[in-house]
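So the structure is just underneath, and the comments pick up after that.
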Amino acid sequence: MFVDKIAFKLIEILQKKFPNVDLTDLDLNSDIKVLGIDSLDFVELIYDVETQFDIEIPSESLLEITTVESLVVIIQKESRAVV
Amino acid sequence: MRQKIVVTGLGMVCPAGMGILEPWKFILEGRSACGLVTHFDTGRYRSKVAAEIKNWDPSLFMDADFAKRIDKVAQFSLAASRIALDDSELLKSDLDFSRVGVCIGTGLGGTFFTETQLTALVDYGPKRVHPLTVPNVNPNAVATFVAMQWHFLGPNLTVSTACASGSHAIGQAMMMLQAGRADVMLAGGSENPIMPMMFAGFDAMRVMSQCNDFPGMASRPFDVNRDGFVMGEGAAVLILETEDHATKRGAKIYAELAGYGANNGGFHMVTPQPDGCDAAQAMRLAIEDAHLIPSQIDYINAHGTSTKANDLAETHAIKSVFGEYAYRLPVSSTKGATGHMIGAAGAVEACFSVLAIHTQTVPPTANYTALDPDCDLDYVPVARPSILAAVLSNSFGFGNNNACLVFKKQG
């Protein structure tokens, strides 16, 4: 899956998950923390991403997720792994 | 001298309606909220009848996005708490939040998450089980979400004693207040039992009515043709306060919560003692705790589930406590109207008991039409104005868990 396609779908997931957060300025370099999410929100987000993309994100990869881009990279990597 | 505990707010979300007056009016009219189950397909079930809350919209009571993340059982307890808080005007007063506690009962806990996530596990594997499963399946969610919502920092408890959970929760909250552990307690019960697996479990025990052709008549406590209980859903919460605290803030007082009796029959997982001796003892304990004698009770809101076994055992128990006076004492079960709301039943019936005192009216037993020769007390087929100084509310749960409460007219 192409990066922009993944990013587009991810933004959709984020918008649905955090309807009260303004995502207009969100880009690939944005820190996930700008969403103002706590640890429980974070595992929910990962659950939604796994379900929507039909992938599995290993727990050790969670530590690598800091920016939107880092999450996109992991989604891309795991999508390939599935294929 | 022990602190007097008073009721200063009520809140109900139940099949008979939302709020206070709507369900009370429904009860007094002798109507029944029982009908065919619509929450899921009951094609292969024996019983197809339940008392459902129709068109449930949690966003009327809480943030819609938050509601999506919590189980329906917690939505119910939050909604009932909000109604009761508004009624009591507690949040308008100068409140020490560390002295406000919550004690809410539930028999089954977060059944929506339990059942949907079990399905996800079986169908898609462990990695598709939702991360919010644990905080929602935990029975204590019904009380902790209430504390989180309004920042109530006092003792926070969940009581689980099957069908008596709501009454036990109110009784335990009363003891907390009497012991000086809090000034205010939100107390009640919440249940979301009309789910495919829970319903199948009760169906398998053959304890639910199979009056599928006349669902509105299915819950008929004490009637000779009763054939089992009808499951209900919802929650009720009462605001309990020490009299000092309520008086100081100028609260309106509905009634005094004067007595609590709790015991166990030590007999069977689901069957009551046939002679009702343990239920009788629980009633005596509550009446003594209220410093009353049996003849001072003016009305009993019975457990009255509409099962053959309960209604007969309860009738025996009432006769053994009240003797000849039992025949002159109005006894009614509001489960004819609301169905059996399991862990919320005792709480919603506590609300009706308080309202009976507040409005000086005995609520009727809906659907009571034909006398059972073995159940020959006055089961109040229609609502009746009456002088009510003290009311007893009975709850008898599976596992012979008994809890009785006595409410007194204030002043």
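Kindly state, to the nearest 0.05, the FRET efficiency for A:D54 paired with B:L60, given R0 = 41 Å and r defined as their beta-carbon distance. After rounding, the FRET efficiency stands at 0.70.
The relative contact order of chain B, computed from alpha carbon pairs under 8 Å that lie at least 6 residues apart in sequence, is 24 percent.
Seen against the Cα atoms of chain A and their longest principal axis, helix A:3-17 is set at about 50 degrees. For the range B:318-335, the Karplus equation 6.51 cos²θ - 1.76 cosθ + 1.60, evaluated at θ = phi - 60°, returns couplings of 4, 5, 6, 7, 9, x, 4, 4, 3, 6, 9, 9, x, 10, 9, 10, 7, 5 Hz by residue, with Gly and Pro reported as x. Each distinct pair of alpha carbons in the range A:3-82 adds a 1/r term; the inverse of their mean, the Kirkwood radius, is 12.6 Å. Assuming charge only on the beta carbon of Lys and Arg (+1) and of Asp and Glu (-1), the dipole of the range B:1-69 about its Cα centre is about 360 debye to the nearest 20. Identify, among A:P19, A:I74, A:S59, the residue whose Cα sits farthest towards the positive end of the charge dipole of chain A, taking +1 on the Cβ of Lys and Arg and -1 on the Cβ of Asp and Glu, with the dipole about the Cα centre. Checked the options; the winner is A:I74. Helix content alone sets the calculated 222 nm mean residue ellipticity of chain B: runs of n ≥ 4 DSSP H residues at -39500 (n - 2.57) each, divided across all residues, give -10000 deg cm²/dmol.
Remark on B:C103: its backbone amide H falls under 5 Å from those of B:L157, B:L186, B:A187, B:G188, a criterion applied only to residues 5 or more positions apart or on other chains, H modelled at 1.01 Å from N.
Across peptide B:127-134, the mean count of Cβ atoms from other chains lying within 10 Å of each residue's own Cβ comes to 4.
Where the alpha-carbon atoms of chain B are placed on the principal axes, they occupy 63, 54, 38 Å, in descending order. With n ≥ 4 as the cut-off for DSSP H runs, can you work out [θ] at 222 nm for chain A, using -39500 (n - 2.57) per run divided by the number of residues, rounded to the nearest 500? So the helix-based figure for chain A works out to -18500 deg cm²/dmol. Which residues does the label zone of B:V270 cover in the range B:24-44, counting backbone N under 19 Å from a point 7 Å along Cα→Cβ? Of the residues in the range B:24-44, B:44 have backbone N under 19 Å from the label point off B:V270.
Report the relative contact order of the range A:3-82, percent, no decimals, based on alpha-carbon pairs under 8 angstrom and at least 6 residues apart. Rounded, it is 41 percent for the range A:3-82.
Averaging the Cα positions of each part gives two centres, and for the range B:286-331 and the range B:141-170 these lie 28 Å apart. The lysines within cross-link reach of B:K319, meaning a Cα-to-Cα straight distance under 29 Å and a gap of 8 or more places when in the same chain, are B:K308, B:K335, B:K408, B:K409.
Overall, the protein assembly as shown carries a charge dipole of about 1040 debye about its Cα centre when +1 sits on the Cβ of Lys and Arg and -1 on the Cβ of Asp and Glu, all other atoms neutral. The stretch between B:R206 and B:T38 holds 58.5 nm of extra length on full extension. This uses 0.36 nm per residue minus the Cα-Cα distance. In a simple Cβ point-charge model (Lys, Arg +1; Asp, Glu -1; nothing else charged), chain A has a dipole of about 220 debye relative to its Cα centre. Summary of the geometry: the range B:385-404 and the range B:205-250, compared by the centres of their Cα atoms, lie 12 Å apart. Among B:K308, B:K48, the order by Cβ neighbours within 10 angstrom, fewest to most, reads B:K308, B:K48.
Between B:V380 and B:V331, the built amide H atoms are under 5 Å apart, and every one of these is 5 or more places off in sequence or on another chain. Using Cα atoms only, what is the angle between the long axis of helix A:39-53 and the major principal axis of chain A, expressed in degrees (0 to 90) to the nearest 10? The answer is roughly 50 degrees.
Think of the range B:206-319 as a dipole: +1 on every Lys or Arg Cβ, -1 on every Asp or Glu Cβ, centred on the Cα centre; then among B:M269, B:A317, B:T307, B:T307 lies furthest on the positive end. The residue list B:T338, B:L121, B:V100 was ranked by how far each Cα lies along the charge dipole of the protein assembly as shown toward its positive end, using unit charges on Cβ atoms, and B:T338 comes out on top. Using a simple spin-label model with pseudo-atoms 7 Å out from Cα toward Cβ, A:D27 and B:E89 lie 5.6 nm apart. Loop-located chymotrypsin sites (Phe, Trp or Tyr not before Pro) in the range B:268-348 (DSSP state not H, G, I, E or B) with no more than 13 neighbouring Cβ atoms inside 10 Å do not occur.
Where a number appears in this text, it was derived from the coordinates with a stated rule and is not lab data. Everything numeric here is computed off the predicted structure, so don't read it as measured data. Neighbour counts are summed over all protein chains in view; Cβ atoms, including those assigned to glycine, are modelled from backbone coordinates with ideal geometry.
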